[in-house]
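Single-structure report; data block below.
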Amino acid sequence: MAAAGLLALGLGVPGAAAAEEPRIDLRVLVVDNGDSPVGAITAELAKTGIPYTTVDLNSASRPTIDAAFLSDTVDGIPRARFQGVVLPNEAPFGAGSAEQTALEAYETTYGIPQVDAYTWAHPGVGLDYSSYSGTLDGQAAAVTDAGRTGYFGYLDGALTFEDNSASVLESYGFVASPRAGFTSYVDTAVPGGTGRGSLVGEYAHDGRRELVVTFAYNEYQQQFRVLARGIVEWLTQGVHLGQSRNSFAVHIDDVFAPDSRWDTERNCTPGDFDCVGGDGEGTTPIRMTAADAVYAAQWQRSSGLKLDMTFNGGSGEEWKAESGGTDPLTDQLLADKDEFRWMNHTYTHQYLGCVQDTSTVPWSCAKNTDGSTQYMSRADISAEIAGNYNWGVTNGLSMDRAELVTGEHSGLRTLPQQPDDNPNLAGALADNGIEWTASDNSRESEQRSVGGALTVPRYPMNVFYNTGTAAEMADEYNWIYASAADGGSGICENNPTSTCLDEPLDTATGYASYIVPQEARTALGHAISGDPRPHYAHQSNLAEDRTLYPVLDQVVSGYQALFADNTPLENPRQSAIGTELQRRAAWQSAVADGTVTAYRVGSTVTVVAPSGTQIPVTAPEGTTKQLLLGTATFGTPYAGRQAAWTTPDLLQSALTLNLP
């Protein structure tokens, strides 16, 4: 009975005569052959925060996989050094080889699960030979009853393999019927045939368990991102360091201010330094109306997603003064102020970096007489931050003083003109109690410090700030992404990170038919991969044709169609996102430095980390945290597990959890 209990927890018994339960270290072994499926699982382990050791099969200096590498004895207790094993396929060392035999013996002895990242369907992995092999592009798959009651129970409904291009083979796989000992977790209808066949399932045999995946993938494809959590939870049997939650936050910049409009004739934005001709103003600016504000509040209530309104109070006051002292938009937003989350975007959206010399195109940083760069002063930066915060307080906006988004992320380094931060920025942030300042993820994808503050990288959404209608959006998109021969700028032809359109979009239909699905797919991909970074758009995208909502609607509905109610799409504000990124970085550093020790013995998990380090742990529901006196419920529920960042209790040197 004791042995059966250990096996149910994923813990084996090291021989029938063993007097003590083994220690299982909370670390995964990854045997890597360089193929994308192993790379995808490795990326998921890293994002989740699970420690792993990689053995590179392509390295001549790699260690030999033998009993000494896999296990040893600590304080007289047998130790399994890895809680799970990821292999490129079922036998990468060769069936019957010394390394393969050592690995299989290790898994049998300690009850260690193995993931076969990608293999073909055959009896050696518990499947019949393929009923079908070929492309799976656009194929609908589903979680089986066994998958829903197991580690894939966070999913709800069908998932569809990506089919982004009719001319490109994106997924290849094998569909086959299970044999004895095989339990399918994800299956699909046999293409061109009858019945259903497995794509992901567990093969239990000879005292071992393998998770068999019979389709190829990479870390960016939606089908993997959807299934990755279940693969990792099965691999670790639901007990591991690290945690992952899906979230989606959207910042709406320039609230109360107007945004310039794209000129479809000159293919530029009047007022920009590089828009030549005209009077420098040209088209009518784009600004929300009171009706747009009402719609925004209604949309939030129906979607369940809060928008973060990053506002410029001074710009709103300027607009009001120029409009005879009244402004229905401001009145409506303030009437509904409790509907939204608010964030400081500076008082008048000034550029907070170097002083811009606009006599050249592109602009450059103005110089002092000694050749040094002229920068906005600390006092002027502080006035922009404090003035807007005070305006918000006066008008009763609920804000977090520690959060800031500077106009155009200015003040931070901006290549190529300004390679360094404004040296006055850090002091101004400190003067105003700023702890989290937004940055552009397309320029700086990693969090970094600015004095005592930390950046929060944001994803720019390809829903342009300078367009108010769908037709304007498609027109500008054509200019950027169409070749010169097709009437575009040709920028896409000279940029190695860009791809030109096959043909220009129809300005009447192109936004809805092409841009919206593409942007929604990108944003949803971030959300379902556990990436907490926020996205940002502009108030202009909530005005006129309200172009942002179709994208957000597809993200929300797409998520709800994939995930069960126990895996909600979380909606954190900037300070919470910044804290999450900060904790992840500290945790990854501690793991990389080798200063974390974590293991389980029976139903007890022990973790030792540097003092003050927040420790991420995922465990089954019913897990408790051991206190100096008594216990407490551990974590909060998510995706059928309990997870949290935590530390040892007072007067404890180690974190101890009791599994149910």
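Annotations
- Flag for T101 being over 20 Å from A598 (Cα atoms) and touching a helix residue (DSSP H, G or I) at 6+ places or on another chain (Cβ under 9 Å): no
- Sole exception among (1) out of contact with any Pro (no Cβ under 7 Å at 6 or more places or on another chain); (2) of a type in the set (F, W, Y); (3) over 20 Å from A228 (Cα atoms) for W587, by number: (1)
- Scanning region 28-67 for residues that are over 19 Å from F215 (Cβ atoms) and out of contact with any helix residue (DSSP H, G or I) (no Cβ under 9 Å at 6 or more places or on another chain) yields T53, D56, L57, N58, S59, A60, S61, R62.
- Within region 563-629, strands (runs of 3 or more DSSP E) holding 2 or more residues that are in contact (Cβ under 8 Å) with a residue 40 or more places away in the chain and within 15 Å of Q243 (Cα to Cα): 615-620
- Across region 58-79, the number of residues qualifying as surrounded by 16 or more Cβ atoms within 10 Å (Cβ to Cβ) and under 30 Å from Y217 (Cα atoms) comes to 3.
- Pairs linking a residue in region 96-123 that is of a type in the set (S, T, Y) to a residue that is part of a helix (DSSP H, G or I), with Cβ atoms under 6 Å and 6 or more positions apart or on different chains, are Y106/L70; Y118/P37; T119/V125.
- Here E219 fits the description: part of a loop (DSSP other than H, G, I, E, B) and either surrounded by 16 or more Cβ atoms within 10 Å (Cβ to Cβ) or not hydrophobic (A, V, I, L, M, F, W, C) (or both).
- A single entry from A527, A520, A508 fulfils the requirement of being over 26 Å from F224 (Cα atoms) and either buried (at least 19 other Cβ atoms within 10 Å of the Cβ) or out of contact with any Lys or Arg (no Cβ under 9 Å at 6 or more places or on another chain) (or both): A508.
- The condition of being in contact (Cβ under 8 Å) with a residue 60 or more places away in the chain and among the polar types (S, T, N, Q) holds for only one of S198, S171, S167, that being S198.
- Filter pass, S498 being under 30 Å from F311 (Cα atoms), part of a loop (DSSP other than H, G, I, E, B) and polar (S, T, N, Q): no
- Scanning region 123-137 turns up one or more residues that are at pLDDT 95 or above and within 27 Å of the chain's Cα centre (by Cα).
- Just so you know, in region 226-259 the residues that are in a loop (DSSP other than H, G, I, E, B) and in contact with an Asp or Glu (Cβ under 7 Å, 6 or more places away or on another chain) include one that is nearest to N462 (Cα to Cα), and it is A249.
- Matching option when the condition is under 20 Å from E90 (Cα atoms) and not in a loop (DSSP other than H, G, I, E, B), among G147, G197, G134: G197
- Being of a type in the set (G, A, S), under 21 Å from K47 (Cβ atoms) and surrounded by fewer than 20 Cβ atoms within 10 Å (Cβ to Cβ) is a description that does not apply to S449.
The values are calculated or read from the model by the stated rules, or taken from the named source; none is laboratory data. The model shown is predicted, which means the values in this text are computed figures rather than measured ones. With ideal geometry, Cβ positions are generated from the backbone for all residues, glycine too; neighbour counts draw on all protein chains shown.
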